[in-house]
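Below you'll find the structure, written out as structure tokens, and then a few comments.
The values are calculated or read from the model by the stated rules, or taken from the named source; none is laboratory data. Everything numeric here is computed off the predicted structure, so don't read it as measured data. Here the Cβ positions follow ideal geometry from the backbone for every residue, glycine too, while neighbour counts run over all protein chains shown. These area figures cover heavy atoms from the full protein model, side chains too; ligands, DNA and RNA do not enter into them. Shrake-Rupley method; radii C 1.70, N 1.55, O 1.52, S 1.80 Å.
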Amino acid sequence: MKKFTLMGLLCAAFLLGYGFSRVTRPVNSGPRVTGIGGIFFKAKDPAALKAWYSKNLGIRMSAYGSTFEWRQGMDSTKKAFTSWAPFRETSKYFEPSEKQFMINYRVEGLDALLSQMKAGGILPVDSVQRTSGGNFVHLMDPEGNKIELWEPAGVENAPPGMVTTK
């Protein structure tokens, strides 16, 4: 009798958890931003700044900056990454924005999202770049901030190693 009760409780817990996950799933499961893919900013001396962050905060650096690994939402088996990268203060990569930073947003359904945005009068500042690391495109928000949309490629969503610090 104990085995049957324990089995019944486990099944009930599973079904409740599964049902709750279905109820809490976002209503709009179409094209959308799913998280922050990277934070990029201008610095007078990117190499010195990376060294400072490495020494004082223990952030492991690559030639481009750092990549933080995390697990995706409800599916903790899937890896995801967020990049952190200082760019040279003279970088033109953030243009036409005059701001000192740019945020990269991870997205699902980039082409459909762009179609929606174009229908609303929001046009990209360049064409979609299709790379082995995913697809990228840039937009300007209403405050003049350049934003980068990134649709990662592959199951593991490898970090965007193609970021350069121009």
>> Using the Karplus curve 6.51 cos²θ - 1.76 cosθ + 1.60 with θ = phi - 60°, what ³J(HN,Hα) values do you get for each residue of the stretch 100-112, in whole Hz, with x for Gly and Pro?
In response: 8, 9, 8, 10, 9, 9, 6, 9, 10, x, 4, 4, 5
> What accessible area, in Å² to the nearest ten, does a 1.4 Å probe give for THR34?
Replying inline: 50 Å²
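About its Cα centre, what dipole magnitude does the stretch 34-166 give when the only charges are +1 on Lys and Arg Cβ and -1 on Asp and Glu Cβ, stated in debye to the nearest 20?
Once rounded to the nearest 20, the dipole reads 480 debye.
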>> So if I place +1 on the C-beta of Lys and Arg and -1 on the C-beta of Asp and Glu, and nothing else carries charge, what would the dipole magnitude of the stretch 86-141 be about its Cα centre? I want it in debye, nearest 20.
In response: 100 debye
> Ordering ILE59, ILE122 from largest to smallest accessible area (1.4 angstrom probe), what's the sequence?
Replying inline: ILE122, ILE59
> Going by the alpha-carbon gyration tensor, a ≥ b ≥ c the square roots of its eigenvalues, is the stretch 75-127 rounded (a/c under 1.5) or, if a/c is not under 1.5, prolate (a/b greater than b/c) versus oblate?
Replying inline: oblate
> Under a plain spin-label model, where a point goes 7 Å from the Cα along Cα-to-Cβ, how far apart in nm are VAL33 and ILE122?
Replying inline: 0.8 nm
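At 0.36 nm per residue, and after removing the present C-alpha to C-alpha distance, how many nm does the segment from LEU49 to LYS79 gain when stretched out fully?
Fully extending the segment from LEU49 to LYS79 adds 8.1 nm.
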> Full extension from GLU143 to THR90: what is 0.36 nm times the residue separation minus their Cα-Cα distance, to one decimal in nm?
Replying inline: 17.0 nm
> So for the pair SER62, ALA112, with labels modelled 7 Å out along Cα→Cβ, what separation do we get in nm?
Replying inline: 2.9 nm
> Given H placed on each backbone N at 1.01 Å, which residues far from PHE87 in sequence or on other chains put an amide H within less than 5 Å of it?
Replying inline: PHE41, LYS42, ALA43
